[in-house]
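The structure follows.
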Amino acid sequence: MKETFELDFRGRKIIVENGEMAKQADGSVLVRYGDTVILSTAVVSKNVNLLSDFFPLMVLYNEKLYSVGKIPGGFIKREGRPTENATLAARMIDRPLRPLFPEDFKNEVQIVNTVLSVDQDNSPEITALFASSLATSISKIPFFGPVAAVKVGRVDGKFIINPTVSESERSDIDLTVAGTKEAINMVESSAKEVSEADMLDALMFGHEAIKELVEFQEMIIGKIGQEKMEYEKLDISDELRSEVSKLSREKIDNALRIKDKLEKYDTLDNIKNEVVEVITQKYKEEMDQDEINILTTKIKLILDSIEYELFRNIVVLEHTRADGRRMDEIRPLSASIDILPRTHGSALFTRGQTQSLSITTLGALGEHQVLDGLSIEDEKRFMLHYNFPAFSVGETGRYGAPGRREVGHGALGEKALAQVIPSEEEFPYTIRVVSEILESNGSSSQASICAGCMSLMAAGVPIKAPVAGIAMGLITSGDKYQILTDIQGMEDHLGDMDFKVAGTKNGICALQMDIKIKGITKDILHDALIQAKKARLQILDVITSTIKEPRKEVSKYAPKTVTFNINPDKIKDVIGRGGDTITRIILESSNVKSVNDVNAVKVDLKDDGQVIIYHSDMDVINKTMEEIKAIVREPVIGEIYEVKILNVESFGVFVELWPGCEGFIHVSKLSKDRVKHPKDVVKTGDIVKAKAIEWDKKGKINLTLVLDDDKKDVKSKG
């Protein structure tokens, strides 16, 4: 039976429907927000793998191009692999939901969001997160929700919940914040150098709106929610806990204090393997292999909990970090530029055992990325791509297409640097930054921002200000907590928060927060933002001491550019029939045989008449520009030109001002005296001087012959 629930949320309707669609899923809702419609389903597997060391949650965000009235591009004409936006949306939904499932719950859960209709003023991503929480909450799946999210913008100093497209274009904050009724548990933001105080106010403003959405969900859950399922879990005896603790506690405590990452991890692995071996050896004759495997899993869980507890005691109670740093201390920093001789810009940034090599490449505007998705944006000219090879953490692994993590880290870096990228008018290039992570022990995404910033400046991109990023951590123990600056891998893995802040000296450009606990308070957010600013300014000093400002010129290997404007009506003349004219210009100017040759000049022709020419050789650019200007050149009334007589008729003569431009001199304009026939004054092939006097109704230029008394201005070809 279909049931409908409705909420007037800040002047817009949210309608939830249940009981009509996808009824075989464990939980399903159809959510309408304006004309945006999302079907969200949650299904739990009956099978469980108690030996698994992770919770098998899969969150999908399936974009359907019919939702915006589009047919997919390409040959196949159906949706293929997820777009970057779909991947980021799925991550955004996953992050606030994941910490709200029970830690010992190991059944596979799939939450599938199908985007059925999109109204650009009502975010489908935010709607899908709301729907995912509700579908899971009304199902039998154990879940400590509900959770909701909103977008926060700021226009003319006033905060707005879920801004429309036009409001977003004028906003200096693009913030997505998620949380429960009690606290915030996920943040994603870009901003135009916004202060820490203003960002904190935006977060709290968003959380107040979240409370309304959570209360709406709670009302629905109270009416149609199912009883939560009992699930199988490992039962660990106190005796086993005590035995494992006696064998390992002191050793793990000592290992956690080792400063070197690889040595620390190797020591911890050896301790755990030794404890497993000692205990399981005693039961080898009493248990079969399946029972031994279960016992091994229990031992490892106990060891992990001991490591977790001891790590927190060291940080929160002893105020000590594993590598000996102060709580607000950054690891050693180093930076250099021009690492690679042939790239357009390159930089190496190292922070402790985290290292990014970033490369900037400049291309023509026509090389922008085309976006085949649901948003109104269909292209972008600035990209940051992030690569995380297995060797960066001393491991072997899969190599192939980037995974969700790589896409997410690249998007965060792109958000941060996009705030300082010059406009297309200021710098008419497509810009690509690639971050190659060569070593990693915490916050490689923020290292990518630092290295990427320097590579942009080295490439001569006139960014508005240098940008740096830092990752903050949080360790809680009871009601006590400790904020950590520049967290390492273990502090991230065993900690409660990963809070990344990037910006200039003037303010925040990007923000991302994920937590493993149910939420964090305003005081923690405030302390983390203030501590992050101090660290960011330190890193900016290192960046600006390496390269103070963007170079005035691009690399000699980068394409140079010339921009000028022509009459938009002349664009068709430059292109020619079937593109033959522009092709001829490119081939002749570049001295190549194909327009696809790497040495071929690139020409961007815009509808408004703007022409941009790219090539590494200015002589080629100038030659191309002269060719185009010759085609689009127009006579100026009052100017005198040397013209060639093309054809002599009884009523006047047709002349050529330059190739492609013809005019006409009437018989009455050939002399001050009456001329019986134009052939008495000029003949075909003569070169004469003529003055442009007017345009006729057909768009042809009319001229008058310029003659002095002794006829010296008439030049006969023979």
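Condition check: assigned by TED's automatic domain parsing to the domain that holds His368, under 25 Å from Asn506 (Cβ atoms) and under 13 Å from the mean Cα position of the chain (by Cα). Does Glu425 satisfy that?
No, not satisfied.
I've got another one for you. For the stretch 178-204, give me each residue that is surrounded by fewer than 21 Cβ atoms within 10 Å (Cβ to Cβ) and either in a strand (DSSP E or B) or not assigned by TED's automatic domain parsing to the domain that holds Ile161 (or both).
Matches in the stretch 178-204: Lys192, Glu193.
Restricting the search to the stretch 132-164, which residues are touching a residue at least 60 places away in the same chain (Cβ under 8 Å), assigned to a loop (DSSP other than H, G, I, E, B) and either more than 13 Å from Thr180 (Cβ to Cβ) or not assigned by TED's automatic domain parsing to the domain that holds Asp94 (or both)?
Ile138, Ser139, Lys140, Ile141, Pro142, Asn162
If you don't mind, there's one more thing I want to ask. At pLDDT 90 or above and in contact with a Ser or Thr (Cβ under 6 Å, 6 or more places away or on another chain) - does that describe any residue in the stretch 536-556?
No, that holds for no residue.
Also, quick follow-up: Would you confirm whether any residue within the stretch 380-399 is modelled with pLDDT under 90, under 21 Å from Tyr429 (Cβ atoms) and out of contact with any strand residue (DSSP E or B) (no Cβ under 9 Å at 6 or more places or on another chain)?
no
With the requirement that a residue be hydrophobic (A, V, I, L, M, F, W, C), in contact with a helix residue (DSSP H, G or I) (Cβ under 7 Å, 6 or more places away or on another chain) and part of a loop (DSSP other than H, G, I, E, B), what does the stretch 503-554 give you?
Our first condition is that a residue be hydrophobic (A, V, I, L, M, F, W, C); within the stretch 503-554, this holds for 508-511, 513, 515, 517, 520, 524-525, 528-530, 532, 535, 537, 539-540, 542-543, 547, 554.
Adding the requirement that they be in contact with a helix residue (DSSP H, G or I) (Cβ under 7 Å, 6 or more places away or on another chain) leaves 508-511, 515, 517, 525, 529-530, 539, 543, 547.
Across the stretch 503-554, the qualifying residues are Ile517, Ile547.
Continuing with this model, one more query. Of the residues Glu243, Glu218, Glu232, Glu227, only one is touching a Leu at 6+ places or on another chain (Cβ under 7 Å) and among the acidic types (Asp, Glu); which? Quick ask: steps written out before the conclusion?
Numbers: Glu243 fails: touching a Leu at 6+ places or on another chain (Cβ under 7 Å); Glu218 fails: touching a Leu at 6+ places or on another chain (Cβ under 7 Å); Glu227 fails: touching a Leu at 6+ places or on another chain (Cβ under 7 Å).
Answer to the check: Glu232.
Residues of the stretch 555-600 being surrounded by 16 or more Cβ atoms within 10 Å (Cβ to Cβ), part of a loop (DSSP other than H, G, I, E, B) and among the hydroxyl-bearing types (Ser, Thr, Tyr), which ones?
Of everything in the stretch 555-600, just one residue is surrounded by 16 or more Cβ atoms within 10 Å (Cβ to Cβ), part of a loop (DSSP other than H, G, I, E, B) and among the hydroxyl-bearing types (Ser, Thr, Tyr), namely Ser555.
Right, another one. Could you check Val461 against (1) surrounded by fewer than 19 Cβ atoms within 10 Å (Cβ to Cβ); (2) within 25 Å of the chain's Cα centre (by Cα); (3) assigned to a loop (DSSP other than H, G, I, E, B); (4) of a type in the set (A, V, I, L, M) and say which number it fails?
(1)
Right, something else. Quick check on the stretch 503-532: of everything there that is surrounded by fewer than 19 Cβ atoms within 10 Å (Cβ to Cβ) and among the acidic types (Asp, Glu), which residue is farthest from the chain's Cα centre (by Cα)?
Asp523
Within the stretch 278-286, is there a residue that is under 45 Å from the mean Cα position of the chain (by Cα) and more than 12 Å from Asp253 (Cα to Cα)?
As a first pass, look at the stretch 278-286 and keep what is under 45 Å from the mean Cα position of the chain (by Cα): none.
Checked against the condition, which is being under 45 Å from the mean Cα position of the chain (by Cα) and more than 12 Å from Asp253 (Cα to Cα), the stretch 278-286 yields no hits at all.
Show the residue pairs meeting these rules: Cβ distance below 6 Å; 6+ apart or different chains; first residue within the stretch 208-237 and at pLDDT below 95; second residue acidic (Asp, Glu).
What qualifies is Lys233/Asp104.
Of the residues in the stretch 655-680, how many are free of Cβ contacts under 8 Å to residues at least 24 places away in the same chain and either closer than 29 Å to Ile631 by Cβ or hydrophobic (A, V, I, L, M, F, W, C) (or both)?
Looking only at that region, the number is 3.
Restricted to the stretch 33-80, and to residues that are under 21 Å from Arg95 (Cβ atoms) and outside any strand (DSSP E or B), which residue is farthest from the chain's Cα centre (by Cα)?
If we take residues in the stretch 33-80 being under 21 Å from Arg95 (Cβ atoms) and outside any strand (DSSP E or B), then Ser52 is farthest from the chain's Cα centre (by Cα).
Filter the stretch 261-280 down to residues that are farther than 18 Å from Ser245 by Cβ and surrounded by fewer than 12 Cβ atoms within 10 Å (Cβ to Cβ), then give me how many there are.
So the count comes out to 2.
Still on this structure: Within the stretch 472-502, take every residue that is of a type in the set (A, V, I, L, M, F, W, C) and either at pLDDT 95 or above or outside any strand (DSSP E or B) (or both) and give me the one that is surrounded by the most Cβ atoms within 10 Å (Cβ to Cβ).
Let us first name the residues in the stretch 472-502 that are of a type in the set (A, V, I, L, M, F, W, C), namely 472, 474-475, 483-484, 487, 490, 494, 497, 499, 501-502.
Add one more test, that the residue is either at pLDDT 95 or above or outside any strand (DSSP E or B) (or both), and what stays is 487, 490, 494, 501-502.
Working: Ile487: 25, Met490: 20, Leu494: 20, Val501: 28, Ala502: 31.
The extreme case among them is Ala502.
Is it the case that the stretch 221-239 has a residue that's loosely packed, with under 13 Cβ neighbours inside 10 Å, out of contact with any Cys (no Cβ under 9 Å at 6 or more places or on another chain), in a helix (DSSP H, G or I) and among the basic types (Lys, Arg)?
yes
Okay, moving on. Identify, from the list Ile612, Ile621, the residue that is of a type in the set (A, V, I, L, M, F, W, C), modelled with pLDDT of 90 or more and touching a Leu at 6+ places or on another chain (Cβ under 9 Å). Spell out the reasoning first.
Numbers: Ile621 fails: touching a Leu at 6+ places or on another chain (Cβ under 9 Å).
Criteria check complete, one pass: Ile612.
To continue, here is another question. Name the single residue, out of those in the stretch 4-22 being exposed (fewer than 15 other Cβ atoms within 10 Å of the Cβ) and at pLDDT 95 or above, that is nearest to Tyr61 (Cα to Cα). Show your work before the answer.
Residues of the stretch 4-22 that are exposed (fewer than 15 other Cβ atoms within 10 Å of the Cβ), as a first pass: 4, 6, 8, 10-11, 13, 15, 19-20.
Subset that is at pLDDT 95 or above: 4, 6, 8, 13, 15.
Working: Thr4: 23, Glu6: 24, Asp8: 25, Lys13: 22, Ile15: 20 Å.
Among them, the one singled out is Ile15.
The values are calculated or read from the model by the stated rules, or taken from the named source; none is laboratory data. Model, not experiment: these values are computed from the prediction. FYI the Cβ positions are ideal-geometry reconstructions off the backbone, even for glycines, and counts take in every protein chain you see.
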